[in-house]
Amino acid sequence: MSDEQIRRLVADGSALNERLDRYLSRITGLPRSQIQRLIEAGRVLVEGRRLKASAAVLPGQRIRLSIPPPQPSALTPEPIPLEILYEDTDLVVLNKPAGLVVHPAPGHSRGTLVHALLHHCPDLPGIGEERRPGIVHRLDKETSGVMVVAKTDAAMASLAAQFKGRRVKKTYLALVHGEVKQTEARIATEIGRHDRDRKRMAVQTRKGREAVTTYRVIKRLDGFTLLQVHPETGRTHQIRVHLSAMGHPVIGDRLYGGRRERKFEVRSSKFEVRVERQLLHAWRLGLFHPTTNEWMEFEAPLPADFASWLHTEPSTDTTRETKVQ
């Protein structure tokens, strides 16, 4: 097939007895599920032989990947408005609004960010997985803020490697319940699927993975605290789980916020503002450009619903580095 992409590599020392699918995903930056499909289709050869995805890789082995050209997507592009913060031939950076699901999933077959991106970038199908084209990372449905999307396979691999290698700098703003006493702190636990409720993550679980979050207090309000949060790892629901575990869940978090959140009863005590979603915002994102290797930082303005809880307008000036107060 003339349009297929051939990749050849020699396994390095880090490959000692690692699963073939895990190793190739780590080295190439391609999703592990995509690597598994290539292996099943006979498009991955190790020393000229087909192996199972679970086969152990040894240093020095020669590996050949044959990646087929992009196929037409089964997803229908939709003209959903996007707030683009930056775009070039390699990537697009956008400000995701709260309430928008990132990719199709059970119960969300239409109206996702992916559907909007397919309308905005007609060449996106084939970049990564079919139902998640170009998606390198994601934000929860009710979390707003900066996201980066890859527009080429090379950009996808570069960005995926940066996220996996913890080279991407992620800064969130979170409004949490209670007065956080410690001005700065580092939270280090393991996070895994909750033992009884599979929709939740937890810090006390049998199969957890390392999770590290740091925070700094920006402003203490009447019964609430505004935090600047840096997740050093990227576990599912990490910030929400960590802040809940320390006794200061994110305002509006129905899953980790306790009984009153589930009853939709949270209001500001000084003025009539009712929370409609979790007040967590991906404020800044810093990364190396996949082609130029230039360090770039992007910022998403604080949404009006979040800003209203701070008794201010979204663009009002602030302290030394956080323009939100």
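The values are calculated or read from the model by the stated rules, or taken from the named source; none is laboratory data. No experiment lies behind these values; they were computed from the predicted model shown. Please note: Cβ atoms are built from the backbone with ideal geometry, for glycine as well, and neighbour counts cover all protein chains shown. What goes into the accessible areas is simple: the full protein's heavy atoms, side chains included, and nothing from ligands, DNA or RNA. Shrake-Rupley method; radii C 1.70, N 1.55, O 1.52, S 1.80 Å.
Per-structure values
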{"quantity": "Karplus 3J(HN,Hα) series, Hz, for region 207-224 with 6.51 cos²θ - 1.76 cosθ + 1.60 (x for Gly, Pro)", "calculated": "10, x, 10, 3, 9, 10, 9, 10, 9, 9, 6, 9, 7, 9, 10, 6, x, 9"}
{"quantity": "Mean ellipticity per residue at 222 nm, deg cm²/dmol - from DSSP H runs of n ≥ 4 across the chain, formula -39500 (n - 2.57)", "calculated": "-4500 deg cm²/dmol"}
{"quantity": "Percent carbon-and-sulfur accessible area, region 201-253, ignoring ligands, DNA and RNA, probe 1.4 Å", "calculated": "42"}
{"quantity": "Average accessible surface area per residue within the chain, 1.4 Å rolling probe, Å²", "calculated": "50"}
{"quantity": "Sorted largest first, extent of region 1-53 alpha carbons per principal axis (Å)", "calculated": "33, 22, 18"}
{"quantity": "Pairwise label distance in nanometres, Asp197 with Thr214, each label 7 Å out on the Cα-Cβ vector", "calculated": "3.1"}
{"quantity": "P(r) weight above 26 Å for the chain, C-alpha pairs, percent", "calculated": "53"}
{"quantity": "Relative compactness, region 95-179, computed as alpha-carbon Rg over 2.2 N^0.38 Å", "calculated": "1.18"}
{"quantity": "Reciprocal of mean inverse Cα separation for region 130-243 (Kirkwood radius, Å)", "calculated": "15.7"}
{"quantity": "Amide proton proximity set for Ala185, modelled H, under 5 Å, gap of 5+", "calculated": "Tyr215"}
